[in-house]
Amino acid sequence: MEKKIRKYKRIINKIYYLLFVENFNGKLKFDFPKDFNRVDLVDYLIKKNDYKEYLEIGCDDDQLFSRVNIKNKIGVDPVSGGNIRKTSDEFFLKNNKKFDIIFIDGLHTYSQVKKDILNSVNCLHRDGIILVHDCLPDNLGKQAIPRYEMHWSGDVWKAIVDLRQNKDLNIFTCELDQGIGIIKKEENTEVLKIEKSINKLKFKDYFKNYKSYLRVISLEEFKKKF
Ligand SMILES: C[S@@+](CC[C@H](N)C(=O)[O-])C[C@H]1O[C@@H](n2cnc3c(N)ncnc32)[C@H](O)[C@@H]1O
C-alpha cells in the first residue's frame, strides 16, 4: 500500500513539475571514469594529505563510510549508517570538532546543501577540503524537486553555482561519480558572475552553462591541482 502511495505521489510530482516548473528534454552525456569513484577520491586525498579527521553527512548503508580508512571518522544520518543519529543541522548546532575532509551527501536540496556547505566551512581545518556528491545531473528529472525519479541528485548543482560567486571559497566540480564538488577555504581564483538569481535558474540554464557555472574539471586535472 505504502509503495503504491509513493508511486502515485511521484506521478503527481512529475505532472506538477512538467506543467508548472519546467519541461525540457535535453540530456547531457558525462564521461564518469568507471575505475575511480568517490571511495577512491576520498582515499586519494586522505593518503596524499595525511588527513586524520573525516566527517560524512548522509551515510545511508555506509557504502562510502565503511570504506574510509582514517584515524577518526564521524558519520551523521538521521535514518541509517554512520555513527551519529541526527540531521546535519542538529549535528552542526552542537559540534565543536574540526575536520580535514568532509563529504556532503545528505538531503539533496539546494537550501539544505548550501547550509551543509557553510556549516562545514566553519569546522574545516585550514588545509582541509569539502566534497559534495551529486553535482552533475544529466537530465531534468534527476534534479527535479519535488522528486519524481528513482535516480535522483536533487538540485545540489544550484548550491555549487550559488557559492561559486563567493570570493572566499575556491570551488571546482570533478567529472566523477555523478559529479563531485571540491571546495577549499581560500581565495576564489575565478569568481562566477551570473545575471539571474539562483531561484530563477532552470535546468535549461544549467544544461547550456554547466561547465562554467560549476567549473568542471576532469579527474586528470583534479589530480594535478590537488
Ligand atoms: C544518498 S544517501 C547517502 C549515500 C552515501 N553517502 C554514499 O556515499 O553512498 C543520502 C542519505 O542522507 C540522509 N539524510 C537525509 N536528510 C538528512 C539530513 N537532514 N541530514 C543528514 N543526513 C540526511 C538519508 O537518510 C540518506 O541515508
- Any idea how far apart Met150 and Lys225 come out in nm if each label point goes 7 Å out from Cα toward Cβ? 3.4
- What FRET efficiency do you get for Asn72 and Asp31 if R0 is 30 Å and r is their Cβ-Cβ distance, rounded to the nearest 0.05? 0.30
- Query: Based on the Cα gyration tensor of the chain, what are the three equivalent ellipsoid semi-axes, each the root of five times an eigenvalue, rounded to whole Å and given largest first?
  - Reply: 27, 22, 17
- So how strong a dipole does the chain carry about its Cα centre when Lys and Arg Cβ are +1 and Asp and Glu Cβ are -1, to the nearest 20 debye? 580
- Item | Positive dipole terminus of the chain, leading residue within Tyr8, Phe32, Met150 (C-beta point charges) | Tyr8
- With a 30 Å threshold on alpha-carbon distance, the violating pairs from Lys98/Lys200; Lys29/Lys184; Lys52/Lys202 are Lys98/Lys200; Lys52/Lys202
- Item | Contour excess over end-to-end distance, with Cα ends at Asn83 and Lys48 and 0.36 nm allotted per residue | 10.1 nm
- Message: If I model a spin label at Asn199 and Ser212 as a point 7 Å from the Cα along the Cα→Cβ vector, what separation in nanometres do I get?
- Response: 2.6
- Item | Cα-projected label distance for Leu93 with Asn23, points at 7 Å along beta-carbon direction, nm | 4.2
- Item | Förster-model FRET efficiency, 30 Å R0, Val191 and Leu118, C-beta, rounded to 0.05 | 0.95
- Quick one, can you get me the convex hull of the C-alpha atoms of the stretch 40-116 expressed as volume per residue in Å³? 91
- Item | Phi-based couplings in Hz for the stretch 67-75 (Karplus 6.51, -1.76, 1.60; Gly and Pro marked x) | 9, 8, 9, 7, 4, 10, 9, 10, x
- Message: Rounded, prolate or oblate for the stretch 1-76? Axes are the square roots of the Cα gyration tensor eigenvalues, ordered a ≥ b ≥ c, and the cut-off for rounded is a/c under 1.5.
- Response: prolate
- So what are the ³J(HN,Hα) numbers for the stretch 187-204, from phi and the Karplus equation (6.51, -1.76, 1.60; θ = phi - 60°), rounded to whole Hz, Gly and Pro as x? 4, 6, 7, 7, 5, 7, 10, 10, 7, 7, 6, 4, 5, 9, 5, 10, 4, 4
- Note on the structure: Which residues qualify? For Asn188, with a placed amide H closer than 5 Å and at least 5 residues away or on another chain, they are Asp168, Leu169
- Task: Scan around Thr109 for amide H atoms under 5 Å from its own, H built in the peptide plane at 1.01 Å from N, and keep only partners 5 or more places away or cross-chain.
- Result: none
- Message: Can you work out the Karplus-derived ³J(HN,Hα) for every residue in the stretch 221-226? Use 6.51 cos²θ - 1.76 cosθ + 1.60 with θ = phi - 60°, whole Hz, and x for glycine or proline.
- Response: 5, 4, 5, 6, 8, 10
- Cut-off under 5 Å, modelled amide H: who pairs with Gly75 long-range: Glu56, Asn83, Ile84
- Item | Tail beyond 13 Å, pair distance distribution of the stretch 174-226 (Cα, percent) | 68
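Read the figures in this text as sums done on the coordinates, not as results from a lab. This one's a predicted model, so the numbers in the text were calculated from it and none came from an experiment. All Cβ positions, even for glycine, are placed from backbone atoms using ideal geometry, and neighbour counts span all protein chains on display.
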